[in-house]
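Undergrad: Next up is a structure, given as structure tokens.
The values are calculated or read from the model by the stated rules, or taken from the named source; none is laboratory data. The structure presented is a predicted model; accordingly, all values stated were derived computationally and were not measured. With ideal geometry, Cβ positions are generated from the backbone for all residues, glycine too; neighbour counts draw on all protein chains shown. The accessibility values were calculated without ligands, DNA or RNA, using every heavy atom of the protein model including side chains. Shrake-Rupley method; radii C 1.70, N 1.55, O 1.52, S 1.80 Å.
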Amino acid sequence: MKRFFILLSILSLFFISCESENVLEQKKDGSVKVSFSENSCDAIIELIKYATGSDEGNIVFDVKEIISSLDKNKFSQTKAYSKFGTDLSIETNIVDKENFLFSSGILKSNGEFCSVFLTEKNLVQFYKESDEQIVSFLDLLLAPVFCDEKMTENEYLEVISSFYGNEFAKELKQSNILFKKIDVNGNKKEMKLSLVELLTLNKDILF
């Protein structure tokens, strides 16, 4: 059970938090520093509890286990914090290009700047490379992008509403992801993306 919590915590880096900020900083040594912060909404917390059969209240993230697991999965020098158990802040570094964010094609780096490639192909590849327990959770989200299917955002929200209720669909619709990137010279760019747009992804997003 604890292992499932760890996997969901890692997955939340990009896909399952209601409000999250992801900062990608290209370092001169070729590594990429990832800084992440998020607050999970009630809907996501309840879905995680449902997926895990958890009865641990609102404690979702175990930071010690997250640090250990990330460092075992080709991240390094990881620091993680959680004040309330449902919020999460992480600082970590990607040195090994076999890290799943690189191997799936979602993240690329040329040594001067890093880029995020959110495409149907890359997200399907991420899905295929994921641990079976992560796949099980992604399946609960009913996201067409991981199944090589096409669906409008409204159609997807209707499906979610029919499975999990209107409140869950409402919270999902209001969820956003903020991406920020910093190149090796300190130049900054940012992009805001709705979680529903990501889970349906009807066009490639290159950032």
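Undergrad: Note down the accessible area of Lys97, probe 1.4 Å, to the nearest 10 Å².
TA: 90
Undergrad: For Asp87, Asp148, write out the residues from largest to smallest accessible area, computed with a 1.4 angstrom probe and no ligands counted.
TA: Descending order: Asp148, Asp87.
Undergrad: For Val145, what is the net charge nearby, where nearby means another residue's Cβ is under 14 Å from its Cβ and Lys, Arg count +1, Asp, Glu -1? All intermediate terms of the calculation are to be shown ahead of the outcome.
TA: Details: positive: Lys121, Lys128, Lys150, Lys203; negative: Glu120, Asp139, Asp148, Glu149, Glu153, Glu155, Glu197, Asp204.
Local charge sum for Val145: -4.
Undergrad: Ok, one more. With a 1.4 Å probe and every protein chain left in place, work out the accessible area per residue of the stretch 154-207 in Å², rounded to a whole number.
TA: On the way: 3080 Å² over 54 residues.
With the other protein chains kept in place, the stretch 154-207 gives 57 Å² per residue.
Undergrad: Follow-up question, since we're still on this one. Can you give me the Kirkwood hydrodynamic radius for the stretch 134-207, using every pair of distinct Cα atoms, in Å to one decimal?
TA: After inverting the pairwise mean of 1/r, the radius is 13.7 Å.
Undergrad: Roughly what would the spin-label model give for Asp87 and Lys33, points 7 Å off Cα along C-beta, in nm?
TA: 2.2
Undergrad: Here's something else I'd like to know. Pairs Lys72/Lys108; Lys27/Lys150; Lys79/Lys150: which are spaced more than 32 Å apart, C-alpha to C-alpha? Don't skip to the end; give the middle numbers.
TA: Values: Lys72/Lys108 21 Å; Lys27/Lys150 37 Å; Lys79/Lys150 38 Å.
Result: Lys27/Lys150; Lys79/Lys150 exceed 32 Å.
Undergrad: Between Ser162 and Lys188, what length in nm is gained on full extension when 0.36 nm per residue of separation is reduced by their alpha carbon distance? Mind showing how you got there, number by number?
TA: On the way: separation 26, 0.36 × 26 = 9.36 nm, distance 4.07 nm.
This chain segment gains 5.3 nm when fully extended.
Undergrad: Defining a contact as two alpha carbons under 8 Å apart and six or more residues distant in sequence, what relative contact order in percent does the stretch 81-207 show? Please report the intermediate quantities before stating the final value.
TA: On the way: 144 pairs, mean separation 33.0, N = 127.
Relative contact order comes out at 26 percent.
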